[in-house]
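Enquirer: Here it is, the structure in full.
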Amino acid sequence: MARNTQVQADHNAPPITRVLAEYVSSHPSRGWSDAVDREAHRTFLNWLGCAVGAARHEAAEAALAAVAVLQPAPQATVIGRKEKVDAASAALVNGITSHTFDFDDTHLKTIIHPAGPVASAVLALAELKGATGRQLIDALVLGIDVACRMGNVIYPDHYDRGWHITGTTGMLGAAAGCARLLGLDADRTQMALGIAASQPVGLREQFGTMTKPFHPGAAARAGMMSALLAQHGFTASPRALEAPRGFVQVVSTKAAWHEATDELGERFEISFNSYKPFACGIVIHPSIDACVQLRDQGVTADQVERIELKVHPLVLELTGKKEPADGLQGKFSVYHGCAAGLIFGKASEDEYSDEIVNRPDLVALRRKVIATVDERLDEASADVTALLADGRKVHVFVEHAIGSLQRPMSDEDLERKFRGMADPILGAGRAAELIQACWRLSDVEDLAALATLMRPD
């Protein structure tokens, strides 16, 4: 007997699965402005640096050990490593490492980290198939467009329910990008999206553990396999995204269908990408920025009696860990972020090591941070006041943190960030070569040389 349900399904939703499939399969190569193309290169460079930097992290070691049990064929590069594995496993591991430091790109409208799933999938497949750099960039732009447009359809309700939206839309973006690389027609691209729609990956409960970076890696692998299945005739519902029991209406009560198709092929979501100067959750960045500014004004940790921090409610919901036990938990502690910003004037991956998170002076200072919610503040803002032992008060208000669309990182900033992560893994000379190769990516005819630069000499 059929059960009654309280869900009010939309049976007249537009055919967005088909519309997106036609778009991905038929949009012209480089069918966007120079600014969009440049942003794609910036996105790839930033993503690659993050993946290289975490290549020796224990999460990478564990993931590769698990993959090795399956005796994978050496098809694609594991970034920052000498190993090669099958393309699907490369997408998985590179997706994990690119997000391990929580230092990757952010589509601020949805807080999706789009390159993790999409770039990880399309690079591995491009290397396997012998694609050109131009084809790779095209797949990256279109794949990110699909992932973030679907994020716009369901955010914030979907995220508020506890889904990790990077993984739960990333498999769609990865499937779209890989379908484009494979040259699938609209029918088979529609099937690829349909197969991927049954594989949303990620719960916010996992934040602060290795399973958080697993989400973009698993989404990359799922999206690639969806495209490969569709290429060989595997089928799915042609309405997998919009149907009453389809992806959108199952995972969210918000279904802003127009967000999938508004200005399709004219507005590209990669244009709204941003890059992190701090290796932690994006909502902490305004608070760290404010504490760096306190430091620049001469405030030192030994002067501080307490730091009064006012933030949007989401900040404490996501990053309210007062006593993080290790580096991964530290990335979800606005208290540690503030302490690191004031003491070091930065919050790179080094400031999120287990040793630094547990260093006595950091622990003492973060315990002086008193954080309260102010619902009048935007997620992108922070209001910080340092009360000093001599009775002075030093106030800083950050409306938009460094790295935001309003205060973007320059190309030089991205290169400096890349070198900080890649030099210890690849060596300074090879890292410099790789930076230049990334800027020229769309002109590369053979990705084999680029893949060589991604591995230690």
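The values are calculated or read from the model by the stated rules, or taken from the named source; none is laboratory data. Please read all numbers here as calculations on a predicted model, not as lab measurements. When we count neighbours, we look across all protein chains shown, and the Cβ atoms used for this are built from the backbone with ideal geometry, even at glycine.
Enquirer: Restricting the search to region 293-323, which residues are in a strand (DSSP E or B) and over 23 Å from the mean Cα position of the chain (by Cα)?
Expert: V304, E305, R306, I307, E308, L309, K310
Enquirer: Here is a check on your reading of the model: is A54 touching a residue at least 40 places away in the same chain (Cβ under 8 Å), closer than 28 Å to I270 by Cα and aliphatic (A, V, I, L, M)?
Expert: Here the answer is yes, as A54 does meet what is asked.
Enquirer: Among the residues of region 65-75, are any out of contact with any Lys or Arg (no Cβ under 9 Å at 6 or more places or on another chain), in contact (Cβ under 8 Å) with a residue 40 or more places away in the chain and surrounded by fewer than 21 Cβ atoms within 10 Å (Cβ to Cβ)?
Expert: Scanning region 65-75, I find no residue that is out of contact with any Lys or Arg (no Cβ under 9 Å at 6 or more places or on another chain), in contact (Cβ under 8 Å) with a residue 40 or more places away in the chain and surrounded by fewer than 21 Cβ atoms within 10 Å (Cβ to Cβ), so the answer is no.
Enquirer: Sticking with this structure for a sec: Any chance region 318-326 includes a residue that's crowded, with 19+ Cβ neighbours inside 10 Å, under 19 Å from R295 (Cα atoms) and either at pLDDT 95 or above or of a type outside the set (S, T, N, Q) (or both)?
Expert: Within region 318-326 (the criterion being crowded, with 19+ Cβ neighbours inside 10 Å, under 19 Å from R295 (Cα atoms) and either at pLDDT 95 or above or of a type outside the set (S, T, N, Q) (or both)), the answer is no, since none of the residues qualifies.
Enquirer: May I pose another question? Before we move on, is L142 in a helix (DSSP H, G or I) and touching a residue at least 40 places away in the same chain (Cβ under 8 Å)?
Expert: Spelling it out, L142 is indeed in a helix (DSSP H, G or I) and touching a residue at least 40 places away in the same chain (Cβ under 8 Å).
Enquirer: Oh, and also: Quick check, is D302 in contact with a helix residue (DSSP H, G or I) (Cβ under 8 Å, 6 or more places away or on another chain), acidic (D, E) and either closer than 24 Å to F207 by Cα or not assigned by TED's automatic domain parsing to the domain that holds L125 (or both)?
Expert: no
Enquirer: Filter region 63-105 down to the residues that are in a loop (DSSP other than H, G, I, E, B), touching a strand residue (DSSP E or B) at 6+ places or on another chain (Cβ under 7 Å) and closer than 22 Å to H41 by Cβ and list them by number.
Expert: Correct list: D105 only.
Enquirer: Same structure, new question: Taking into account only those residues within region 382-411 that are touching a Phe, Trp or Tyr at 6+ places or on another chain (Cβ under 7 Å) and not in a strand (DSSP E or B), which is surrounded by the most Cβ atoms within 10 Å (Cβ to Cβ)?
Expert: Per the stated criteria, the residue is G403.
Enquirer: Just for helices (runs of 4 or more DSSP H) wholly inside region 199-292: which have at least 1 residues that are within 25 Å of A124 (Cα to Cα), in contact with a His (Cβ under 9 Å, 6 or more places away or on another chain) and assigned by TED's automatic domain parsing to the domain that holds F44?
Expert: Ranges flagged: 211-231.
Enquirer: Could you give every pair whose Cβ atoms fall below 6 Å, whose first residue belongs to region 305-325 and is within 16 Å of K368 (Cβ to Cβ) and assigned by TED's automatic domain parsing to the domain that holds D361, and whose second residue is at pLDDT 95 or above and part of a loop (DSSP other than H, G, I, E, B), counting only separations of at least 6 or pairs across chains?
Expert: Once the first residue is within 16 Å of K368 (Cβ to Cβ) and assigned by TED's automatic domain parsing to the domain that holds D361 and sits in region 305-325, its partners that are at pLDDT 95 or above and part of a loop (DSSP other than H, G, I, E, B) give E305/A389; R306/K368; I307/K368; K310/D374.
Enquirer: Mind checking which residues of region 412-429 are crowded, with 19+ Cβ neighbours inside 10 Å and among the basic types (K, R)?
Expert: K417
Enquirer: So, one more: Any residue that is assigned to a loop (DSSP other than H, G, I, E, B), under 28 Å from L142 (Cα atoms) and either modelled with pLDDT under 95 or in the same structural domain as D104 (by TED's automatic domain parsing) (or both) - is there at least one of those in region 17-28?
Expert: For region 17-28, residues assigned to a loop (DSSP other than H, G, I, E, B), under 28 Å from L142 (Cα atoms) and either modelled with pLDDT under 95 or in the same structural domain as D104 (by TED's automatic domain parsing) (or both): present.
Enquirer: Ok, one more. Would you say L45 is surrounded by 17 or more Cβ atoms within 10 Å (Cβ to Cβ), at pLDDT 95 or above and within 30 Å of E263 (Cα to Cα)?
Expert: So L45 fits the description; yes.
Enquirer: Consider A380 carefully, then state whether it is of a type in the set (A, V, I, L, M, F, W, C) and either under 23 Å from the mean Cα position of the chain (by Cα) or within 17 Å of G53 (Cβ to Cβ) (or both).
Expert: yes
Enquirer: So, R149, is that one part of a helix (DSSP H, G or I), of a type in the set (K, R) and in contact with a Leu (Cβ under 6 Å, 6 or more places away or on another chain) or not?
Expert: Against the criterion (part of a helix (DSSP H, G or I), of a type in the set (K, R) and in contact with a Leu (Cβ under 6 Å, 6 or more places away or on another chain)), R149 does not qualify.
Enquirer: Looking for something in contact (Cβ under 8 Å) with a residue 60 or more places away in the chain and at positive phi - is there at least one such residue anywhere in region 204-220?
Expert: Yes, there is a match, as at least one residue in region 204-220 is in contact (Cβ under 8 Å) with a residue 60 or more places away in the chain and at positive phi.
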